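Q: My questions all concern the structure below.
Just so you know, all these numbers are worked out from the coordinates, no wet-lab data involved. Just so we're clear, the structure is a prediction, and the values are computed from it rather than from any experiment. Heads up, the Cβs are rebuilt from the backbone with ideal geometry, glycines too, and the neighbour counts pull from every protein chain shown.
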Amino acid sequence: MSARTLKIEDAAFVLTLDPQRTIIRGGSILIEGQKITQVGKTKDLAQIPADRVIDARNMVITPGFVNGHMHISYAHAVRGIFPDDVKDRLVTVFQLQSAMTEEEEYFTSLLAIVELLKSGTTCFMDPGSTKYPDACLQAYEDSGCRIILGECVTDIQEARKLPLFPTAEAISRTEQFIKKWDGRLDGRIRAWAMPFSAVNCTPELLKASKHVADEYGVGITLHHSSKPKFRQTCLQEHGKLPTEHLEEIGALGPNMLLAHVLGLEEAEIDCLARTQTSVVMCPSTSLKSGAGTRENCRMPEMLEKGINVALGSDSANSSNHLDIIRSMNLAACMYKDARQNTSLISAGQAVEMGTLMGARAFGLEHELGSIEVGKKADLVLFDSQRPEWQSLIDPLNNLVYSADGRSVHTVIVDGRIVLESYQQSFVDEGQLMEKVQEIGESLLAREGISYPQSWPIV
């Protein structure tokens with residue numbers, strides 16, 4: 001029996017992200033089962049029948065977006081609580097995360113997935129936040145999302161309340177997690193090694209985690225920066241800069257994804273290029289936290305040296321939003337201003353980072369990231385009949401500089417429509433938001449955490 005077919009017909013524009021970066025005016029896409037089987041001009045595909053046809057005449061179609069670093073499990077329950085100048089924010093973040101129950105994590109993760117899908121993200125990584133993946137499995141299945149998971153491990157104690165284990169146990173837990181979770185839900189779940197960072201993981205744990213990832217053919221991700229204090233510590237203890245040390249112990253490579261990568265020196269960028277290590281940068285978090293775009297955010301230098309750079313949103317209490325289009329916009333704008341050079345990071349590069357480069361960072365570039373025959377049918381249809389899309393002459397510029405996730409009309413993952421006419425059907429959003437509000441108030445109360453309101457509420 002042939003796979004069910006879906007045809008998207010007569011789109012205003014299709015941004016294929018193929019090797020030629022072809023944009024098709026008046027384009028159609030044929031999907032059979034999970035995969036794209038034909039892409040072309042509407043007139044050339046007009047006679048091909050399908051079980052269902054979507055009229056896309058006012059739509060701009062892109063590949064599904066990839067969010068390369070997004071802490072999913074806790075933040076929606078306590079979104080927006082932190083004052084701009086709060087100290088030790090991450091200590092409180094991990095205290096709240098560690099205090100969540102299975103039920104609470106399920107509902108907050110479900111709300112995050114709703115937000116991700118409604119802004120066009122079809123594939124994302126939670127870098128070790130989720131404590132109870134068994135409890136959240138139903139959310140992943142019902143929503144149809146594509147997710148990369150792992151168990152966060154550390155073996156050096158510090159102020160943040162992160163999962164701490166003896167080195168051997170951390171390695172064993174990583175391996176068992178990958179064996180249990182990788183490839184579930186027909187491949188929509190992938191499992192990676194996720195030691196938190198070189199600050200709280202010994203070289204032995206980092207080396208072993210990379211070995212486990214290599215052995216099972218999966219990836220490994222690490223929070224990483226080269227801030228002055230850590231840089232000095234590495235130089236004193238290892239005689240190397242932090243990224244040089246990772247290269248020396250064999251932790252870098254094509255299946256390593258380093259998150260944030262702030263403050264890197266030129267020699268460290270060379271390490272990344274030499275080892276074909278990918279990075280994911282979270283421009284919203286960098287700006288909100290005052291990371292110093294001019295001095296410490298080296299995205300243009302990394303791209304110039306051929307490093308694969310993906311985009312992430314971090315969490316709903318770091319950047320405070322999950323919209324990867326806003327991240328594209330910042331990537332395309334912040335360096336132009338910081339370096340006073342409008343040639344830095346074009347709109348096209350920004351979209352590549354949110355699609356193809358994200359897929360490559362996940363080791364999924366042969367399946368995702370572009371609209372090509374043989375790839376998975378992960379697609380986003382934007383409603384161009386909105387003020388921010390008009391007039392529609394160059395859809396690439398409109399997408400990056402004018403639009404945001406609010407114009408996402410339809411989302412398809414693995415050939416399945418998961419959002420249509422702005423609506424999803426896998427959860428009652430009103431009830432879900434009420435539940436998460438209750439969880440947030442309860443979580444703060446039982447942990448005794450509160451902050452003054454920005455303005456008086458009477």
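Q: Please list the equivalent ellipsoid semi-axes of segment 308-432, computed as the square roots of five times the alpha-carbon gyration tensor eigenvalues, in descending order and whole angstrom. It would help to have the intermediate numbers written out before the result.
A: Working: eigenvalues 119, 71, 55 Å².
Listed largest to smallest, the semi-axes of segment 308-432 are 24, 19, 17 Å.
Q: Relative to the longest principal axis of the chain, what angle (0 to 90°, nearest 10) does the C-alpha long axis of helix 266-275 take?
A: 60
Q: Scale the Cα Rg of segment 184-337 by the rule-of-thumb value 2.2 N^0.38 Å and send over the ratio, two decimals. Don't skip to the end; give the middle numbers.
A: Details: Rg = 15.4 Å, N = 154, 2.2 N^0.38 = 14.9 Å.
Cα-based Rg divided by the globular estimate yields 1.04.
Q: Taking a 22 Å limit on the Cα-Cα distance, which of the listed pairs LYS131/LYS229; LYS7/LYS376; LYS179/LYS210; LYS41/LYS118; LYS207/LYS240; LYS87/LYS229 fall beyond it?
A: Working: LYS131/LYS229 30 Å; LYS7/LYS376 14 Å; LYS179/LYS210 15 Å; LYS41/LYS118 27 Å; LYS207/LYS240 16 Å; LYS87/LYS229 17 Å.
Long pairs (Cα-Cα over 22 Å): LYS131/LYS229; LYS41/LYS118.
Q: Lys and Arg at +1, Asp and Glu at -1: add these up for the other residues within a Cβ distance under 12 Å of LEU344 and post the number. List each step's numbers first, then the result.
A: Working: positive: ARG294, ARG298, LYS336, ARG339; negative: GLU301, GLU304, ASP337.
Value of the local net charge: +1.
Q: Right, next: If you fit an axis through the alpha-carbon atoms of helix 203-216 and take the longest principal axis of the Cα set of the chain, what angle between them do you get, 0 to 90°, nearest 10?
A: Roughly 30 degrees between the two axes.
Q: Taking K and R as +1 and D and E as -1, what net charge do the other residues with C-beta under 10 Å from the C-beta of PHE362 add up to? Please list the in-between numbers first.
A: Working: positive: ARG146, ARG190, ARG360; negative: GLU365, GLU367.
Its environment carries a net charge of +1.
Q: Further question: Sort ILE36, ILE269, ILE148, ILE48 so that the residue with the fewest other Cβ atoms within 10 Å of its own Cβ comes first and the one with the most comes last.
A: Working: ILE36 23, ILE269 20, ILE148 28, ILE48 15.
Least crowded to most crowded, the residues run ILE48, ILE269, ILE36, ILE148.
Q: Net charge near GLU105, counting Lys/Arg +1 and Asp/Glu -1 over other residues with Cβ under 13 Å of its Cβ?
A: Details: positive: LYS131, LYS435; negative: GLU102, GLU103, GLU104, ASP126, ASP134.
Net charge in that neighbourhood comes out at -3.
Q: I would also like to ask the following. Classify segment 172-221 as rounded, prolate or oblate from the Cα gyration tensor: take a ≥ b ≥ c as the square roots of its eigenvalues, call it rounded if a/c is under 1.5, otherwise prolate when a/b beats b/c and oblate if not. Provide the component values of the computation, followed by the final result.
A: On the way: a/c = 2.49, a/b = 2.15, b/c = 1.16.
Cα axes put segment 172-221 in the prolate bin.
Q: Can you compute 3J(HN,Hα) from phi for each residue in segment 381-392, using the Karplus curve 6.51 cos²θ - 1.76 cosθ + 1.60 with θ = phi - 60°, rounded to whole Hz and x for Gly and Pro?
A: Per-residue couplings from phi come out as 10, 9, 7, 7, 8, 10, x, 5, 9, 10, 7, 9 Hz.
Q: Can I ask one more? For the chain, give the share of DSSP beta bridges that are antiparallel, in percent and rounded to the nearest 5; count only bridges with both residues there. Numbers along the way, then the final one.
A: Numbers: 28 of 61 bridges.
So the antiparallel bridges in the chain amount to around 45 percent.
Q: Sticking with this one: Across the Cα atoms of segment 402-458, what radius of gyration and what greatest pairwise Cα-Cα distance (Dmax) are found, in Å?
A: 17.5, 49
Q: Okay, next question. From the backbone phi of segment 234-245, what are the Karplus-calculated ³J(HN,Hα) couplings (6.51 cos²θ - 1.76 cosθ + 1.60, θ = phi - 60°) in whole Hz, Gly and Pro given as x?
A: 5, 5, 6, 8, 10, x, 9, 5, x, 6, 4, 5
Q: Sticking with this structure for a sec: At 0.890 mPa s and 25 °C, plugging the Kirkwood radius over alpha-carbon pairs of segment 365-450 into Stokes-Einstein gives what diffusion coefficient in µm²/s? Mind showing how you got there, number by number?
A: Numbers: Rh = 16.1 Å.
Approximately 152 µm²/s, per Stokes-Einstein.
Q: Counting pairwise Cα distances across segment 1-124, what percent come out greater than 22 angstrom?
A: 54
Q: Let me ask something additional. Taking just the alpha carbons, could you work out the radius of gyration and Dmax for segment 196-239, both in angstroms?
A: According to the Cα coordinates of segment 196-239, Rg and Dmax are 12.1, 35 Å.
Q: Compute from the Cα atoms of the chain the Rg and the Dmax, the latter being the longest Cα-Cα distance, and quote both in angstrom.
A: 21.6, 69
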